[in-house]
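Report on the following structure.
The values are calculated or read from the model by the stated rules, or taken from the named source; none is laboratory data. A quick note: this is a predicted structure, and the numbers were derived from the prediction, not measured. Note: ideal-geometry Cβ built from the backbone for every residue, glycine included; neighbour counts use all protein chains shown.
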């Protein structure tokens, strides 16, 4: 069975006596708590099983299972499972180990932190050099791991099949090999950067379904109106879990001040972060790559009145040591110094002020 990204395999509380084996893709287990909120309790990777608890106990499903990206699962009925363990008794031990590991993680209340692998870059303004931005981002990400940059043309070229990237789910003969290959590429790379089309084409929808993180690429000087792709995303959020989104404001001219342009974009969008990307400055792309790879560095400065001037010396020492800051915070005088640092002033310029 093919599951589209965001599609629910089964709901918490449902009756079911079937086991599922994940052939490709990734699934997420979500529980609905007493207060009505949902909590992610785990993920299911290729080769793992899901639904085994209900199969063994006959009780309702303990969690909802949602496809994080386009996935393929094999359904195993209770009768078929019993026949399998009759022939291969050690299967029970392996499944028991999997159940114990999951229960142990829940009992220890382990914080789940999943690495971003699939990144979707989608343009939301017209006239952007989306391919150029993607190449620059891929170059910076390559300093943190193995990167694959994919667009529709690259997929068609790999399969020697024009139009394959735009294949819809209904075209199973072309669609399933593509899903399997994308899953294989995910396993072979630290980052897969999907470059979506400017319109909600089948390729764009596929990119968004595969994504762990969605990057909305916008021209900082253009109109902040919703794009067609964003409208399609908003419609899907009514029935599927919302994915993490980051707004990238591209400044194609100038390299100094970029303040005052984010508010109108953020007013109508719910994004996790927003970043200013100055085309002429490599360091902005380096910073974005550190955020995406989980290696961003923050600096937080304390209060202390006049003693806060010491922050300038500490800042100078860190800069001279080659430390790069990606976000700054502070309290009292520390917030004042942090504001200067956020403006990218040098220690000497801060001291003069």
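Going by the conditions given, is residue 199 in contact with a helix residue (DSSP H, G or I) (Cβ under 6 Å, 6 or more places away or on another chain), part of a loop (DSSP other than H, G, I, E, B) and surrounded by fewer than 22 Cβ atoms within 10 Å (Cβ to Cβ)? Write out each step before concluding.
Numbers: in contact with a helix residue (DSSP H, G or I) (Cβ under 6 Å, 6 or more places away or on another chain): yes; part of a loop (DSSP other than H, G, I, E, B): yes; surrounded by fewer than 22 Cβ atoms within 10 Å (Cβ to Cβ): yes.
In short, yes.
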**Request:** For segment 204-214, indicate whether the set of residues that are out of contact with any strand residue (DSSP E or B) (no Cβ under 7 Å at 6 or more places or on another chain) and either loosely packed, with under 15 Cβ neighbours inside 10 Å or not assigned by the TED database to the domain that holds residue 277 (or both) is non-empty.
**Result:** no
**Prompt:** Quick one: would you say residue 14 is exposed (fewer than 15 other Cβ atoms within 10 Å of the Cβ), over 25 Å from residue 186 (Cα atoms), out of contact with any helix residue (DSSP H, G or I) (no Cβ under 6 Å at 6 or more places or on another chain) and free of Cβ contacts under 8 Å to residues at least 24 places away in the same chain?
**Reply:** no
**Item:** Yes/no for residue 188 being buried (at least 22 other Cβ atoms within 10 Å of the Cβ), farther than 25 Å from residue 8 by Cβ and either modelled with pLDDT of 90 or more or in the same structural domain as residue 134 (by the TED database) (or both)
**Value:** no
**Request:** Quickly run through segment 263-278 and pick out the residues that are more than 16 Å from the chain's Cα centre (by Cα) and buried (at least 17 other Cβ atoms within 10 Å of the Cβ).
**Result:** 265, 276, 277, 278
